[in-house]
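A.B. asks: Quick one: this structure, given as structure tokens, is what I'll be asking you about.
The values are calculated or read from the model by the stated rules, or taken from the named source; none is laboratory data. Not measured: the values here are computed from a predicted model. For neighbour counting, all protein chains shown are included, and Cβ atoms are generated from backbone atoms with ideal geometry for every residue, glycine included.
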Amino acid sequence: AEVAESSTEPSTEPDFKLAATIGPPTKNPVKGETLRIFPVMVRPKERQDAIQTTVALQDMGSSRSFADEFFTKDFNVPLQFRVDYTSTLHGSKQGVSAELDMEVSRDGIEWLPLDDVETYRNLRLTGPELKWSEFVKKNPEFHEVDVGDVSFSQVRLIIGAQLEDALLPLEEPGSRIQKDGVSAYKTKLGWTIGGKLDAMIGSNRVFSILP
């Protein structure tokens, strides 16, 4: 059944059913490994001038891609909302969503299709800011990896398995850099980073990432 879109303001509270790390839950999730994270440009296929920038999380274990509902409203394209169910490790959740076809890019020149993206109300993740610039200063092996400083709180797009090929490391020299559990892959969407959180942030502070 189709329903009216939400007129409420976006919540600042994270949805704890969305996890940014892999591995079993732990009291200190910074000891876990983050899914791959990177900055990206997005636009709806039907309005190629409506370009926005955000931070994306790559989740190849997801059969669908998700975009924050309030983030997509700035595209100013009509959306047909309906009741649906999302299944995660924590069970099924009833929600209201719409579908839209998008394109993603890193440089604003080459755009890749990302179809059937589901809107997700209040898509928020908790976690630390990854001060990548500081990490690179201490680990010059990664100096070519231009992802900038990113934060889990900035994530408004989760890219699922339909872009798996585009997010695999390129078959060229220097497209994989790994050290102390941190890895960087150069892909069709530019560099992505992932791996051990505590190594990337250089701290043993406790952050709430997992439910």
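A.B. asks: So if I check each of Asp165, Asp180, which one is without any contact (Cβ under 8 Å) to a residue 60 or more places away in the chain, out of contact with any helix residue (DSSP H, G or I) (no Cβ under 6 Å at 6 or more places or on another chain) and of a type outside the set (S, T, N, Q)? Write out each step before concluding.
C.D. replies: Details: Asp180 fails: out of contact with any helix residue (DSSP H, G or I) (no Cβ under 6 Å at 6 or more places or on another chain).
After applying the criteria, what remains is Asp165.
A.B. asks: If a residue counts only when it is at pLDDT below 85, of a type in the set (A, V, I, L, M, F, W, C) and more than 19 Å from Leu130 (Cα to Cα), which strands (runs of 3 or more DSSP E) contained entirely in the stretch 163-211 have at least 1 such residues?
C.D. replies: Values: elements: 176-179, 182-187, 190-196.
In the stretch 163-211, there are no strands (runs of 3 or more DSSP E) which contain 1 or more residues that are at pLDDT below 85, of a type in the set (A, V, I, L, M, F, W, C) and more than 19 Å from Leu130 (Cα to Cα).
A.B. asks: Could I ask something else about it? Can you say whether Asp49 is of a type outside the set (Ser, Thr, Tyr), loosely packed, with under 15 Cβ neighbours inside 10 Å and either at pLDDT 50 or above or touching a helix residue (DSSP H, G or I) at 6+ places or on another chain (Cβ under 7 Å) (or both), as far as the supplied structure shows? Outline the logic, then answer.
C.D. replies: Working: of a type outside the set (Ser, Thr, Tyr): yes; loosely packed, with under 15 Cβ neighbours inside 10 Å: yes; either at pLDDT 50 or above or touching a helix residue (DSSP H, G or I) at 6+ places or on another chain (Cβ under 7 Å) (or both): yes.
It is true that Asp49 is of a type outside the set (Ser, Thr, Tyr), loosely packed, with under 15 Cβ neighbours inside 10 Å and either at pLDDT 50 or above or touching a helix residue (DSSP H, G or I) at 6+ places or on another chain (Cβ under 7 Å) (or both).
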